[in-house]
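Just so it is clear, none of the values below were taken in a lab; they were calculated from the coordinates. This structure is a prediction, so every number in the text was calculated from the model and none was measured. When we count neighbours, we look across all protein chains shown, and the Cβ atoms used for this are built from the backbone with ideal geometry, even at glycine.
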């Protein structure tokens with residue numbers, strides 16, 4: 001029995017690991033069993049440190065884009081296929097190469113890591129080239145531009161590292177980037193100077209800086225690899241006259 005199970009699952013692992021998804025251990029039997037337990041695509045599901053989004057494999061291509069990334073990146077779904085029993089590939093002892101070794105499960109999927117500090121994920125799908133809200137997710141919102149977005153509430157544990165003040169009169173800026181990168185911050189408190197304040201890499205890939213700031217609201221962005229980046233952990237966004245998104249925070 002163990003041999004039969006291993007013969008079935010190992011090819012599935014090879015298929016699922018393609019894509020290097022970092023949100024959950026996609027090579028685990030628990031993850032494989034979770035997907036195999038789906039009889040059809042449905043609403044997003046929380047699994048470990050990630051959210052699993054699904055769509056019908058009848059589509060040619062499905063992608064997903066997130067509000068916390070300013071819809072600047074598209075993550076493409078993968079097809080979940082199930083290996084055939086090897087006996088189905090042979091006729092009279094001969095391997096039939098015209099028979100696909102995999103069966104379409106009917107499901108395409110994407111696993112998205114839960115970002116630190118967010119209470120929910122807002123997103124849109126790209127289905128066969130058309131942008132749309134998720135037809136399988138009944139929870140939607142309409143943004144300031146009148147565009148309908150789908151929403152996934154996140155567990156409270158995802159909010160543990162929300163950017164916050166350490167003490168009255170200061171604000172702590174946190175940012176995650178590849179180790180060794182240079183990250184700076186600017187905003188209404190320094191006339192948006194991109195060079196004045198550089199974050200310190202406190203641990204590999206985690207950059208932080210605490211500044212004394214006067215009480216009240218202020219706006220800011222990070223500068224990373226030549227681009228301005230609103231705080232991914234702060235859902236409070238404003239838009240400047242030039243159309244660029246910035247983060248807003250409060251110092252007490």
Exercise. Using a Förster distance of 51 Å, how high is the FRET efficiency between residue 61 and residue 172, based on the Cβ-Cβ distance and rounded to 0.05?
Worked result: 0.80
Problem set entry | Label-point gap, in nm, between residue 38 and residue 92 - each point 7 angstrom along Cα→Cβ | 4.1 nm
Seminar exercise, completed: Fewest to most Cβ atoms within 10 Å: 108, 196, 38 sort as 196, 38, 108
Exercise. Computed FRET efficiency, Cβ-Cβ of residue 210 and residue 245, R0 25 Å: what is it to the nearest 0.05?
Worked result: 0.60
Exercise. What is the distance, in nm, between label points placed 7 Å from the Cα along the Cα-to-Cβ direction at residue 131 and at residue 104?
Worked result: 2.8 nm
Seminar exercise, completed: Per 10 angstrom bin, beginning at 0 and ending with the bin that holds the maximum distance, the Cα pairs of segment 161-251 fall in percents of 17, 55, 26, 2
